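S.K.: Here it is, the structure in full.
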Amino acid sequence: MSSASSADSSSPEQPTEPGTRPGRLTAAAAVAATEGVALVAGGLVLLVTSLGDRPDDLTSALMGAVTLVALGLIPLVAARGLWLRRSWSRGPAVITQILALPVAWQLLQANSVMIPAGIALAVLAVTGLVLLVSPSTTAALGIRRPGEDAP
């Protein structure tokens, strides 16, 4: 084995175990991507409606839209990292799921058409968390459990 190929195989960006991507990791990437697309789409809808409706506080409406788009990029980047089996991607994906839970709770408290959105978000967030802490996911990402020796 040449020194160039051995340097490539020890790169922290490469998965530690060769093989196929576990289904749970693929599903976790899909959950994160779904949340990211929803946030970006929501931000773009808010942007368009803010520009068209001329709200009382246009600056706040535009900042809300930009914030949603920016927040949507986090799970999208995490989803790409999960798809490529990058260990760093689990952190942002888990944080996204944890932050989605109180948002889902608030949507469930509404007496409106937002209740189904709250249910969908809660299901996505809990599903995402379960998938992200799955042993097959952590193994595929090369994340060791506490007390586990390095290979």
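S.K.: Consider ASP56 against the criteria (1) outside any helix (DSSP H, G or I); (2) modelled with pLDDT under 80; (3) open to solvent by 80 Å² or more (accessible area, probe 1.4 Å): it satisfies all of them except one. Which criterion is unmet?
M.R.: (2)
S.K.: I've got another one for you. Kindly indicate whether THR34 is under 17 Å from ALA125 (Cα atoms), assigned to a helix (DSSP H, G or I) and of a type in the set (Ser, Thr, Tyr).
M.R.: Here the answer is yes, as THR34 does meet what is asked.
S.K.: Right, next: Determine whether THR49 is of a type in the set (Ser, Thr, Tyr), modelled with pLDDT under 95 and buried (at least 17 other Cβ atoms within 10 Å of the Cβ). Break it down stepwise before answering.
M.R.: Details: of a type in the set (Ser, Thr, Tyr): yes; modelled with pLDDT under 95: yes; buried (at least 17 other Cβ atoms within 10 Å of the Cβ): no.
So THR49 fails the test.
S.K.: Additional query: Considering only helices (runs of 4 or more DSSP H) fully contained in region 59-151, which possess at least 2 residues that are closer than 22 Å to THR49 by Cβ and open to solvent by 70 Å² or more (accessible area, probe 1.4 Å)?
M.R.: Values: elements: 90-109, 114-132, 135-140.
Fully inside region 59-151 and qualifying: 90-109, 114-132.
The values are calculated or read from the model by the stated rules, or taken from the named source; none is laboratory data. Only a predicted model underlies this, so the values are computations on that prediction, with no experimental measurement involved. Note that each Cβ is placed from the backbone with ideal geometry, even for glycine, and that neighbours are counted across all protein chains shown. The protein model used for the area step is the full one, side chains on, heavy atoms only, and it has no ligands, DNA or RNA in it. Shrake-Rupley method; radii C 1.70, N 1.55, O 1.52, S 1.80 Å.
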